[in-house]
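Undergrad: Quick one: this structure, given as structure tokens, is what I'll be asking you about.
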Number of protein chains: 2
Amino acid sequence: MVEAHAVPGPARDRILEAAERVVAEVGAARLTLDVVSQAAGVSKGGLLYHFPSKESLLGALAQRYVQSMEQCIESAKGGISEQDRSRDLKACIVGILGSDPRSKAMGAALLATAANDLTLLEVIRERIAEYHKELAASSADFARAAIVTLAVDGLMMRESLRISPFTDAQRQQVVRELLKIADESYR
Amino acid sequence: MVEAHAVPGPARDRILEAAERVVAEVGAARLTLDVVSQAAGVSKGGLLYHFPSKESLLGALAQRYVQSMEQCIESAKGGISEQDRSRDLKACIVGILGSDPRSKAMGAALLATAANDLTLLEVIRERIAEYHKELAASSADFARAAIVTLAVDGLMMRESLRISPFTDAQRQQVVRELLKIADESYR
DNA sequence: GTTAGGATACCGTCCAGCCGGTGCAGCCCG
DNA sequence: CGGGCTGCACCGGCTGGACGGTATCCTAAC
């Protein structure tokens, strides 16, 4: 059973958050309207008011994934020098892998969308393509920069599925090394 | 609708294969016994003869993931010099990313398991942990080696979800660069 | 300044259909 | 003859979704 967190804030956000929690805790296949509404502390009718169908809930989850990603990256930029040419790439590493709970939720949103309707991933596909276009234009070593983003993705996914093999120390080591490779790809 | 491939071979394998195809084509949420049996060209009773419950099917899918992984790596070792100290790591890159259809199916198996029952991932978690232990023992630069495996995972996952942004040329470039980083992590 | 009326945000119930699973009579091939 | 299926009927539970109701707030006419 997924606990009903009595988080305040607008119901819409609580529902989305609850959906991510459900996926992370019991799997995407058990993402049902009933379970989500209970986990969000909202009646089923209330859920249906905000998301008139399951598909619309999943679509919102996909968009939330994109938004969370952008937000994480944007807020991480603050901690990196503006002179650093690999700033964007480093913000991606720190932003996504730095805030643990958020990255797990993001992976959950991605999983949920993927499991239920592959066509809903289009939003995400577009955003990733755009990001890689920027990367190709700015980096000196595109392949190396791309590998960094792939590794970030891989780690995020493994942690969402709780199959990551790293100790805390190893994880830190990996993040540090990723930052180093980010530097290398802009030299 | 997922086509019924009239592949020969033992029914058990055909069913597993069909399940992977269903997940890849319509998503893990629509992995139902009816759909899988139809896709495998087997009656529902026949499916239940081989896998007495859905859980047992998913468990077999998880084990198949592990097996496929080992098989891909093992067969890729043939193409790499035995003197190469990064042989295992390189085999992981070439083995998994080299055979496109297989890697997509592997991602599908992982997705299906993750979506339906997170506890079934334990087999996979164990295998990954074991692999990383070997990696930590053999490599000179563990973090860098770990990043290579993460990137391989990330690319596999993105391709399974069809959100990979790379052109064929870029993909090749990425694989080549991964091999280079593999070398670096053993110097 | 009070009251009518509409929009917003939600509740609770009901239902048709799908899903996993059972049971079983048969058939086909070695 | 018997193991490995097929084909089919059936079931109970769960799922997505429809629907009618309701409490709260905003607006604006009187």
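FYI, it's all coordinate maths here, none of it is from the lab. In this text the structure is predicted, and so the values were computed from the model without any measurement. Don't worry about glycine lacking a Cβ; one is built from the backbone with ideal geometry, like all the others, and counts go over all protein chains shown.
Undergrad: Among B:ILE93, B:MET157, B:VAL26, whose Cα projects farthest towards the positive end of the dipole of chain B, with charges put on the beta-carbon of Lys, Arg (+1) and Asp, Glu (-1)?
TA: B:VAL26
Undergrad: Rounded to the nearest 500, what is the 222 nm mean residue ellipticity of chain A from helices alone, with -39500 (n - 2.57) per DSSP H run of 4+ residues and division by all residues?
TA: Details: 9 runs with 137 residues, N = 187.
Helix-only estimate at 222 nm: -24000 deg cm²/dmol.
Undergrad: So, with +1 on the Cβ of K and R and -1 on the Cβ of D and E, and no other charges, what is the size of the charge dipole of the range A:97-169 about its Cα centre, to the nearest 20 debye? Mind dumping the intermediate values first?
TA: Working: 8 positive and 10 negative charges, 24 e Å.
The calculation lands at about 120 debye.
Undergrad: Over the alpha carbons of the range B:110-153, what is the largest minus smallest coordinate on each principal axis, giving the biggest first in Å?
TA: For the range B:110-153, the Cα extents along the three principal axes come out at 38, 18, 9 Å.
Undergrad: Something else now. Quick check on packing: order A:108-119, B:22-33 by the mean number of other C-beta atoms within 10 Å, highest mean leading.
TA: Details: A:108-119: 23.6, B:22-33: 20.5.
Ranked from most to least packed, the peptides come out as A:108-119, B:22-33.
Undergrad: Give the average, rounded to an integer, of partner chain Cβ atoms located within 10 angstrom of each Cβ in A:136-147. Please list the in-between numbers first.
TA: Details: counts 2, 0, 0, 0, 0, 2, 4, 12, 6, 2, 11, 13.
Mean shielding count: 4.
Undergrad: Please state the equivalent ellipsoid semi-axes for the protein assembly as shown: what are the square roots of 5 times the Cα gyration tensor eigenvalues, largest first, in whole Å? Don't jump to the answer; show the numbers that get you there.
TA: Numbers: eigenvalues 206, 165, 60 Å².
Rounded to whole Å, the semi-axes are 32, 29, 17.
Undergrad: If the viscosity is 1.002 mPa s and the temperature 20 °C, what Stokes-Einstein diffusion coefficient in µm²/s follows for the range A:1-109 when Rh is the Kirkwood radius over Cα pairs?
TA: Roughly 145 µm²/s, to the nearest whole number.
Undergrad: Let me ask something else about it. Going by the alpha-carbon gyration tensor, a ≥ b ≥ c the square roots of its eigenvalues, is the range A:119-178 rounded (a/c under 1.5) or, if a/c is not under 1.5, prolate (a/b greater than b/c) versus oblate? Write out the running numbers ahead of the final one.
TA: Working: a/c = 4.03, a/b = 1.32, b/c = 3.06.
It comes out oblate by the Cα gyration axes.
Undergrad: Based on the mean of other Cβ atoms within 10 Å per residue, sort peptides A:40-53, B:72-85 so the most packed one is first.
TA: Working: A:40-53: 15.5, B:72-85: 13.8.
Sorting A:40-53, B:72-85 by mean packing, highest first, produces A:40-53, B:72-85.
Undergrad: Using the Karplus curve 6.51 cos²θ - 1.76 cosθ + 1.60 with θ = phi - 60°, what ³J(HN,Hα) values do you get for each residue of the range B:43-59, in whole Hz, with x for Gly and Pro?
TA: Ordered by residue, 3J(HN,Hα) equals 6, 4, x, x, 4, 5, 5, 7, 10, x, 8, 4, 4, 5, 5, 5, x Hz.
Undergrad: Also, quick follow-up: Go from 0 up to the bin containing the longest alpha carbon distance in chain B, width 5 Å each, and give me the % of pairs per bin.
TA: Spelled out bin by bin, chain B gives 1, 8, 15, 19, 18, 14, 11, 7, 5, 2, 0, 0 percent.
Undergrad: Something else now. Determine ³J(HN,Hα), in whole Hz, for all residues of the range B:71-76 in sequence, where each value follows from phi through the Karplus function 6.51 cos²θ - 1.76 cosθ + 1.60 and θ = phi - 60°; x replaces Gly and Pro.
TA: 5, 4, 5, 4, 6, 6
Undergrad: Shifting gears a bit: Roughly how far apart, in whole Å, are the Cα centres of the range B:127-157 and the range A:86-120?
TA: 20 Å
Undergrad: If you don't mind, there's one more thing I want to ask. Need one value for B:172-178: mean number of C-beta atoms belonging to other chains within 10 Å of its residues' C-beta atoms. Each step should come with its number before you reach the end.
TA: Details: counts 1, 5, 7, 2, 1, 8, 6.
That average works out to 4.
Undergrad: Set the bar at 23 Å for Cα to Cα. Now go through B:LYS77/B:LYS104; A:LYS90/A:LYS133; A:LYS77/A:LYS133; A:LYS77/A:LYS104; A:LYS77/B:LYS133 and name every pair that lies beyond it. Mind dumping the intermediate values first?
TA: Values: B:LYS77/B:LYS104 20 Å; A:LYS90/A:LYS133 16 Å; A:LYS77/A:LYS133 19 Å; A:LYS77/A:LYS104 20 Å; A:LYS77/B:LYS133 34 Å.
Cα-Cα > 23 Å for A:LYS77/B:LYS133; rest within.
Undergrad: Multiply the residue separation of A:ARG125 and A:GLN170 by 0.36 nm, subtract the distance between their alpha-carbon atoms, and state the gained length in nm to one decimal. Provide the component values of the computation, followed by the final result.
TA: Numbers: separation 45, 0.36 × 45 = 16.20 nm, distance 3.02 nm.
So the extension gain works out to 13.2 nm.
Undergrad: Okay, moving on. Might you report the magnitude of the Cβ-based charge dipole of the protein assembly as shown about its Cα centre, with Lys and Arg at +1 and Asp and Glu at -1, to the nearest 20 debye? Intermediate results must be reported in sequence, preceding the final value.
TA: Values: 46 positive and 50 negative charges, 16 e Å.
Charge dipole of the protein assembly as shown: 80 debye, to the nearest 20.
Undergrad: Between B:LEU48 and A:LYS180, what is the label-point separation in nm under the 7 Å Cα-to-beta-carbon projection?
TA: Computed distance between label sites A:LYS180 and B:LEU48 equals 5.7 nm.
Undergrad: Calculate the spin-label point distance for A:THR32 paired with B:SER138, positioning each point 7 Å from the Cα along the beta-carbon direction, and give it in nanometres.
TA: Going from the B:SER138 label point to the A:THR32 one covers 4.7 nm.
Undergrad: Across peptide B:114-123, what mean number of C-beta atoms from other chains lies inside 10 Å of a residue's C-beta? Can you show the working numbers first?
TA: Working: counts 12, 11, 6, 4, 10, 1, 1, 4, 2, 1.
The per-residue average across the peptide is 5.
Undergrad: What nm distances, shortest first, do you get from the label point of B:GLU126 to those in the other copies when the point sits 7 angstrom along Cα to Cβ?
TA: Between copies, matching label points for B:GLU126 lie 4.5 nm apart.
Undergrad: Each residue of the range B:153-162 in order: what ³J(HN,Hα) in whole Hz does its phi give by Karplus 6.51 cos²θ - 1.76 cosθ + 1.60, θ = phi - 60°, with x for Gly and Pro?
TA: So the Karplus estimates, Gly and Pro as x, are 4, x, 5, 4, 4, 4, 6, 4, 8, 6 Hz.
Undergrad: For B:PHE51, list long-range residues whose amide hydrogen, built 1.01 Å from N in the peptide plane, is under 5 Å from its own amide hydrogen.
TA: Residues meeting the amide H criterion: none.
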